[in-house]
Amino acid sequence: MARKINVRNEQLQAWKRLSMAIGNEDIPRIRQLMGRAYREGRSVYSMLEDVDRAARRLYRPRGYDEADFQRTFLIYKLGGRSAATIAQRTFGLPSINATISHIVTNPLRSSAQFPTVLEMLSNIQCIYPREQSVSGNIKVGVVMQIDEIKIQERLRWDPRSNMILDIILDCLKKKEIHLATEATVIACSILSNVPSEYAAKPFVISGSCNADRRLYCIASDGDAHRRAALISITLKDKPSPNSRLHEILSPLPLFNMLCGPDEITCDFDWKHVLKHFRNTDLRQRGFSIDGVLITVEILHGHLLSLGISSSTVNSILMPNDKQDVVLMMKLLHAIASLPECDSNAHPSVVATCRVLRLLGKVYFFLLQAYLNVELCLDQQLAYLSAAAHLILALYHINKGDFIPVQLYFNVESMIKNVYCGVSKVQIDNPSGQFWITLLGTDGLEKVFGKVCTMVGGDTNADQLQLTNHIDRAVQCINILEEHPDWGANS
């Protein structure tokens, strides 16, 4: 009996030493070490020996899981080789070579001239292998995104195609040759709740690439040249009177039924549209609604009535940074929050307040539709419909004094595309889901951001670097979307 008590005391002391060692020592991958020992039925003394060796960096547990490889991949691609090596030695993560062997990236083909069908098909096969096809006969909606990214003006030889990149032949100027300053990237994203599917995947996609996928729309950020191209492609004919899309949308009064081949529509990124609204509000000559002129100075005075500090109002009304999404949302939200004016105020103040509150309704409906996560799809459609009708009425009366015609076309096309997209999902997959925030070019902007991080924040990538890095950037986005707690918005 005494011997058993002594054995139990020795084991208890060993467990105490083990717990103290774990608590006091910085041991990489301690969870993996203890999990492996538990699965193998190791004794407490064996565990204590392994923990002691691991604390002295003489033993490192193996058996990495998928998340370990993903962490190393992110650190390596976004932070560089040195950061990944430090993470391996301090946190016990997999080596760079093991990670590269585990997570395979598919380099895309860059086009030295206008993209050829062969280059497009090759890239499509890289981003959508046959084994990733959606099972069954359910059609899945696809959004095509088009955008440009600034690149370095220099010649690069592409060893894969044996071509010189970054050369532009300008046929309009006596066939002059000059260096490219931007690269146009075409990507596609699937309307799905799976991160690996809804993340934008460059390079080019065709509506006939897969039998179970249907191109719903072509999205742009509002570039003037692409707008003209989209109009020629997506505003050609009305759907056949016998089509399901016509059956669903034709009862809607004032709805523009024009679309392109296979009922393709054009789309404009909602963040860019809202930024265009902010920039219009801050233009030097102001804007006018129902004969009431609103300038930045008038806006400043009314925003102060919300109790916002003068420094904050000055920041919100700063016209220099036209691409700041946060400032855009703050200004539009502030206008949407303006209270009713005192009835005893000067008539000009009352008229201005009435106009701003009417404009605030437009911004309220748009912001709620895209930012309020508690709304259902039916409520989002109702808010977008209200915004579309208000904008139509205001533009009909005030024309360009209210907003530019380009912005009017963009916002109405954006809302129209949401309705068309919902209708197409109802046709193709009645039990499916639809997310309006997956429309637009935001997915492609994320890819560009990761490419810039990989290349370096103080310089632009050239065309070859962009081609080599872009698929790795997509991999990083997929990982961050899969693990939002790692910083998906970083």
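The values are calculated or read from the model by the stated rules, or taken from the named source; none is laboratory data. Because the structure is predicted, anything quoted here is derived from the model rather than measured. Positions of Cβ are generated from backbone atoms using ideal geometry, with glycine treated the same way; all protein chains shown enter the neighbour counts. These area figures cover heavy atoms from the full protein model, side chains too; ligands, DNA and RNA do not enter into them. Shrake-Rupley method; radii C 1.70, N 1.55, O 1.52, S 1.80 Å.
Of the numbered criteria (1) without any contact (Cβ under 8 Å) to a residue 60 or more places away in the chain; (2) open to solvent by less than 20 Å² (accessible area, probe 1.4 Å); (3) within 24 Å of residue 254 (Cβ to Cβ), the one residue 395 fails is (2).
Within region 331-347, how many residues turn out to be part of a helix (DSSP H, G or I) and either open to solvent by less than 20 Å² (accessible area, probe 1.4 Å) or under 30 Å from residue 436 (Cβ atoms) (or both)?
Within region 331-347, the subset part of a helix (DSSP H, G or I) is 331-336, 347.
Those still in the list that are either open to solvent by less than 20 Å² (accessible area, probe 1.4 Å) or under 30 Å from residue 436 (Cβ atoms) (or both) too: 331-336.
Qualifying residue count, region 331-347: 6.
Candidates 358, 367, 375, 381: the one that is within 30 Å of residue 249 (Cα to Cα), in a loop (DSSP other than H, G, I, E, B) and modelled with pLDDT of 90 or more is 375. Among the residues that make up region 403-413, is at least one of them part of a loop (DSSP other than H, G, I, E, B), at pLDDT 80 or above, among the aliphatic types (A, V, I, L, M) and crowded, with 18+ Cβ neighbours inside 10 Å? Checked region 403-413: at least one residue is part of a loop (DSSP other than H, G, I, E, B), at pLDDT 80 or above, among the aliphatic types (A, V, I, L, M) and crowded, with 18+ Cβ neighbours inside 10 Å.
Among the residues making up region 350-392, those that are in contact with a Cys (Cβ under 9 Å, 6 or more places away or on another chain) and among the charged types (D, E, K, R) are 354, 357. Got at least one residue in region 105-119 being within 26 Å of residue 441 (Cβ to Cβ), among the polar types (S, T, N, Q), crowded, with 17+ Cβ neighbours inside 10 Å and modelled with pLDDT of 80 or more? The answer is no, given that none of the residues of region 105-119 is within 26 Å of residue 441 (Cβ to Cβ), among the polar types (S, T, N, Q), crowded, with 17+ Cβ neighbours inside 10 Å and modelled with pLDDT of 80 or more. Any residue at all in region 160-167 that's over 29 Å from residue 220 (Cα atoms), modelled with pLDDT of 80 or more and of a type in the set (S, T, N, Q)? No: zero hits. If only residues of region 435-465 that are outside any helix (DSSP H, G or I) and open to solvent by less than 20 Å² (accessible area, probe 1.4 Å) are counted, the one that is modelled with the lowest pLDDT is 456. Taken over region 348-386, the criterion of being of a type in the set (S, T, N, Q), in contact (Cβ under 8 Å) with a residue 12 or more places away in the chain and open to solvent by 30 Å² or more (accessible area, probe 1.4 Å) is satisfied by 368, 385.
Under the condition of being surrounded by fewer than 18 Cβ atoms within 10 Å (Cβ to Cβ) and part of a loop (DSSP other than H, G, I, E, B), the residues counted in region 81-102 number 1. Out of all the residues in region 299-316, is one or more in contact with a Gly (Cβ under 9 Å, 6 or more places away or on another chain), under 20 Å from residue 273 (Cβ atoms) and open to solvent by less than 50 Å² (accessible area, probe 1.4 Å)? Checking region 299-316: at least one residue is in contact with a Gly (Cβ under 9 Å, 6 or more places away or on another chain), under 20 Å from residue 273 (Cβ atoms) and open to solvent by less than 50 Å² (accessible area, probe 1.4 Å). The residues listed here are 418, 425, 350; of these, the one that is under 19 Å from residue 220 (Cβ atoms), assigned to a helix (DSSP H, G or I) and not polar (S, T, N, Q) is 418.
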